[in-house]
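First up is the structure itself, then whatever we jot down about it.
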Protein chains: 2
Amino acid sequence: MEPSSPEVAAASPLPAESGLHARVLDHLGTAICGGELPPGSVLNIDELVERYAVSRSVVREVLRVLASIGFIEARRRVGVLIRPASAWNVFDPQVIRWRLASAGRMAQLRSITELRTAVEPHAAFLAASRIGRDEASDLVGLAAKMWAAGEAGDEERFLHLDIEFHRRVLLASGNEMFVRLQELVAEVLTGRHKHHLMPHHPHEQALQMHADVAQAIQRRDGERARQAMVQLMEQAFDEMKSLWEQTGGPEHGTG
Amino acid sequence: MEPSSPEVAAASPLPAESGLHARVLDHLGTAICGGELPPGSVLNIDELVERYAVSRSVVREVLRVLASIGFIEARRRVGVLIRPASAWNVFDPQVIRWRLASAGRMAQLRSITELRTAVEPHAAFLAASRIGRDEASDLVGLAAKMWAAGEAGDEERFLHLDIEFHRRVLLASGNEMFVRLQELVAEVLTGRHKHHLMPHHPHEQALQMHADVAQAIQRRDGERARQAMVQLMEQAFDEMKSLWEQTGGPEHGTG
DNA sequence: TAGATGCAAATGATATGATCTTTGAGTGGA
DNA sequence: TCCACTCAAAGATCATATCATTTGCATCTA
């Protein structure tokens, strides 16, 4: 897998952050996303100090971070108040991860898939006018490899190539915010894979569409690139939709 | 201005957060976004304690928050390292605010405008199938008021109605992530207004397009709603583009 | 001389306990 | 009934101390 730009890779999911801070933060974040600690619940610092057997420093630092992503609100004389989901920074990668690990997983997948449906076609459109020659070639090559992996039934490899493909397109869009969405896309794709929510044989159509996107971008045909990506997204969305039915609805929980 | 859902309003920009924590956080955040403290710079806690004349607790809590949005990375024996912009959580409202206040303002406006261009049409499309009867009526009414304010040349009022209009559409999309983008849209629109980057008389066309969007959504014609919103976005984008030329380029700074 | 090894200083991480400040709630008077 | 006052609870801030880890350098060995 030719890493033409190694410094941009390494989307570190900071998995084994081993400090006390990370441990407590993760635990509380999970609890809030998971619905234990529903909005309106009140915590207090000393209680947390006891519960986690850590010092005030650690607890306060964790609370500051949770406050910065809208999970809590500290009120004097009252305690630490859990805020409703509508206040959360739903774009924070940490939050996404917690939500994907919670019962609201399907709702989160739906949200992100809709976001992708909106953003990726436009990203493809922009990429067509902004991508460099070499990057374009790489993209076409990547699509070819996806085709090969798909035909060979190599799911693992297909997944990685798929993620890489969408990453490159978002990167080539030249929009820093789109680039940042790449992490979300990766979370979604790996999440789908982990939970066996993907067709075991990628559809022949999907393979062709990836190739179409790459080719259109290389030929600087923004409109065609957008169209091809729209189709790709529609298919992804349909697969997602069929999943809700399998797993018993999207557990809406939007607000 | 009929507040049919007062509890959702009040997009508190937390302006006068008066604690020590907020003061130091804001100062450091601004410095990092502003390019003082370029990537690779090293700070250390004691130095910050002295510089801001606050205790270690305050500094550490601030650093934790900065770390959580990707601005810094603490390394033992080294100090606090400033991370490159590519690591930032560019969707964090706080970050957006800092960047809009910095020299990279135009680059930020461009990014968000492109994001809007991608998202809002799809939001309009989704809204057409998900909006409630009353909300749809409100939306049409809002467009009518915009027309009135535009004709009357009441910029202030037009701005507020414009923000409210887009907020309602994003809200009606039923996607929590789209809803969250509303803050960004509001920042952009108010930013444009503050810096006198808007045409003094809203274009007649824009007024009509807002009305078209509202009507299409009410009639549940998703495709037409999308098209109308696309046109609106194209116009917004063109205005933005003409601004870059005025103010001497977008100060690219994307990566 | 080159490379491995070990020590110690630097610096963040955590702990602890005290003091300051804000604010909700209760209390009492008009 | 309502307003003003008081008090105490809880977070906010501070100061200091100890622990843990990493890096640079000196030392040692082949």
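The values are calculated or read from the model by the stated rules, or taken from the named source; none is laboratory data. Keep in mind it's a predicted model, so treat the numbers as computed, not measured. No Cβ is skipped: glycine too gets one built from the backbone with ideal geometry, and neighbour counts run over all protein chains shown. With ligands, DNA and RNA removed, areas are computed over all heavy atoms of the protein, side chains included. Shrake-Rupley method; radii C 1.70, N 1.55, O 1.52, S 1.80 Å.
Restricting attention to the stretch B:76-111, report how many residues are surrounded by 18 or more Cβ atoms within 10 Å (Cβ to Cβ), touching a Pro at 6+ places or on another chain (Cβ under 6 Å) and within 11 Å of another protein chain (Cβ to nearest Cβ).
2
Of all residues in the stretch B:227-255, which are part of a loop (DSSP other than H, G, I, E, B) and either modelled with pLDDT of 95 or more or within 14 Å of chain A (Cβ to nearest Cβ) (or both)?
B:PRO250, B:GLU251, B:HIS252, B:GLY253, B:THR254, B:GLY255
Being more than 16 Å from DNA strand C (Cβ to nearest atom) and in contact (Cβ under 8 Å) with a residue 40 or more places away in the chain is the filter here; which residues of the stretch B:33-47 pass it?
B:CYS33, B:GLY34, B:GLY35, B:PRO38, B:PRO39
Here are A:GLU73, A:GLU50, A:GLU120, A:GLU114: which of them is within 12 Å of chain B (Cβ to nearest Cβ) and either outside any helix (DSSP H, G or I) or within 13 Å of DNA strand D (Cβ to nearest atom) (or both)?
A:GLU73
Identify the residue in the stretch B:17-47 that is of a type outside the set (A, V, I, L, M, F, W, C) and over 28 Å from A:ARG56 (Cβ atoms) and, among all such residues, is farthest from DNA strand D (Cβ to nearest atom).
Checked the stretch B:17-47; the qualifying residue farthest from DNA strand D (Cβ to nearest atom) is B:GLY35.
Quick check on my filter: what residues within the stretch B:62-108 are away from DNA strand C (no atom under 16 Å from the Cβ) and either among the polar types (S, T, N, Q) or in contact with a His (Cβ under 7 Å, 6 or more places away or on another chain) (or both)?
Looking only at the stretch B:62-108, we keep the residues that are away from DNA strand C (no atom under 16 Å from the Cβ), and these are B:84-108.
B:SER86, B:ASN89, B:GLN94, B:SER102, B:ALA107, B:GLN108, listed by residue number.
Looking for something modelled with pLDDT under 90, buried (at least 21 other Cβ atoms within 10 Å of the Cβ) and within 14 Å of chain A (Cβ to nearest Cβ) - is there at least one such residue anywhere in the stretch B:187-201?
The answer is yes, given that some residue of the stretch B:187-201 is modelled with pLDDT under 90, buried (at least 21 other Cβ atoms within 10 Å of the Cβ) and within 14 Å of chain A (Cβ to nearest Cβ).
Looking at the structure I just gave you, is A:SER12 within 16 Å of DNA strand D (Cβ to nearest atom) and either modelled with pLDDT under 95 or more than 17 Å from B:ALA67 (Cα to Cα) (or both)?
Judged against the criteria, A:SER12 is a match.
Please name all residue pairs, on different chains or six or more residues apart, with Cβ atoms under 9 Å, provided the first residue is in the stretch A:54-71 and is open to solvent by less than 20 Å² (accessible area, probe 1.4 Å) and the second residue is part of a helix (DSSP H, G or I) and of a type in the set (S, T, N, Q).
A:GLU61/B:SER57; A:VAL65/A:GLN94; A:VAL65/B:SER68; A:ILE69/A:GLN94; A:ILE69/B:SER68; A:GLY70/A:SER86
Kindly establish whether A:ASP162 is open to solvent by less than 30 Å² (accessible area, probe 1.4 Å), facing chain B (nearest Cβ under 10 Å), more than 16 Å from DNA strand D (Cβ to nearest atom) and touching a residue at least 12 places away in the same chain (Cβ under 8 Å).
It is false that A:ASP162 is open to solvent by less than 30 Å² (accessible area, probe 1.4 Å), facing chain B (nearest Cβ under 10 Å), more than 16 Å from DNA strand D (Cβ to nearest atom) and touching a residue at least 12 places away in the same chain (Cβ under 8 Å).
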